[in-house]
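Reading through the structure tokens given below for one structure.
The values are calculated or read from the model by the stated rules, or taken from the named source; none is laboratory data. All figures in this text were calculated on a predicted structure; none of them were measured in a lab. Cβ placement follows ideal geometry from the backbone for every residue including glycine, while neighbour counts extend to all protein chains displayed. These accessible areas exclude ligands, DNA and RNA; they are computed on the full protein's heavy atoms, side chains included. Shrake-Rupley method; radii C 1.70, N 1.55, O 1.52, S 1.80 Å.
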Amino acid sequence: VPEMKIIQVCPQYFPDIGGVETHVQEISERLVRIGHEVTVVCTDPRGIHPERECINGVQVRRFPCFAPHDAYYFSPQMLRYLKKIDGEILHAHGYHAFPALFSMRGAKGKRFIVTPHYHGKGHTFLRDLLLRCYYPCGRALFNRADRIVCVSEYEKRLIRDRFDIRQEKFVVIPNGLNLSEFAITAVSGGRDPGRLLYVGRIEKYKGIQQIIGALPD
């Protein structure tokens, strides 16, 4: 008998690749290993993954969705499913897409946790404009949450000040690092001072160009 039934809600999940996807996968698989039952509810905008599967002990349930330019992840089927799902904890990830908002419909009778991965603005002018319109929904999400897990004090301040959320709702848990994923062959003669390691997608908004521009010629 599992200790707890935990539902993780996120836009996409492994084998799709991204920061939130990896975050949810690492947490979910560790929860399974210590005896919990974990179901990940996510979307499959390209329709390329199984609707239901088990990955390393994690039950995955995917739904078709509307996701123009890999954004929003709007899925009425997911919304209907979350209304009836059973569990003790519902953990929603990713403020910047609809699945977290939809998760409020399934939070009744459960501990409701939100990890927003919030960075305060959209990646384009249009997304930034839509994000401002989304503000009342976002504030409702944070007010409904029993706990808001932020990955940094900076993210916590952004949300607290922007949405006027009570201090006691927040918990700061920095992202972990699986060192085995980033093992680098030692350079003969010691460390190479000219070597940089970047972990993430190559996207302009992530600021890789700022690092490159700061390097000497």
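List of remarks:
- Residues that are free of Cβ contacts under 8 Å to residues at least 40 places away in the same chain, more than 25 Å from residue 5 (Cβ to Cβ) and surrounded by 16 or more Cβ atoms within 10 Å (Cβ to Cβ) are absent from the stretch 137-149 altogether.
- Flag for residue 49 being assigned to a loop (DSSP other than H, G, I, E, B) and either modelled with pLDDT of 95 or more or open to solvent by less than 40 Å² (accessible area, probe 1.4 Å) (or both): yes
- Of all residues in the stretch 10-19, those satisfying the criterion of being open to solvent by less than 50 Å² (accessible area, probe 1.4 Å) and either part of a helix (DSSP H, G or I) or touching a residue at least 40 places away in the same chain (Cβ under 8 Å) (or both) are 10, 11, 12, 13, 18.
- The condition (being under 19 Å from residue 173 (Cα atoms) and crowded, with 20+ Cβ neighbours inside 10 Å) is satisfied by just one residue among 113, 89: 113.
- A single member of 41, 58 is among the hydrophobic types (A, V, I, L, M, F, W, C), touching a helix residue (DSSP H, G or I) at 6+ places or on another chain (Cβ under 6 Å) and at pLDDT 95 or above, and it is 58.
- All told, residue 112 meets the bar of being over 23 Å from residue 16 (Cα atoms) and assigned to a strand (DSSP E or B).
- For residue 66: the one exception among (1) under 16 Å from residue 9 (Cβ atoms); (2) in contact with a strand residue (DSSP E or B) (Cβ under 7 Å, 6 or more places away or on another chain): (1)
- Qualifying residue in the stretch 73-82 (condition: open to solvent by less than 40 Å² (accessible area, probe 1.4 Å), without any contact (Cβ under 8 Å) to a residue 40 or more places away in the chain, farther than 12 Å from residue 9 by Cα and in a loop (DSSP other than H, G, I, E, B)): yes
- Among the residues of the stretch 20-46, those identified as touching a Cys at 6+ places or on another chain (Cβ under 8 Å), open to solvent by 10 Å² or more (accessible area, probe 1.4 Å) and of a type outside the set (D, E, K, R) are 20, 45.
- Once the stretch 165-181 is narrowed to residues that are more than 16 Å from the chain's Cα centre (by Cα) and in contact (Cβ under 8 Å) with a residue 12 or more places away in the chain, the residue that is farthest from residue 23 (Cα to Cα) is 165.
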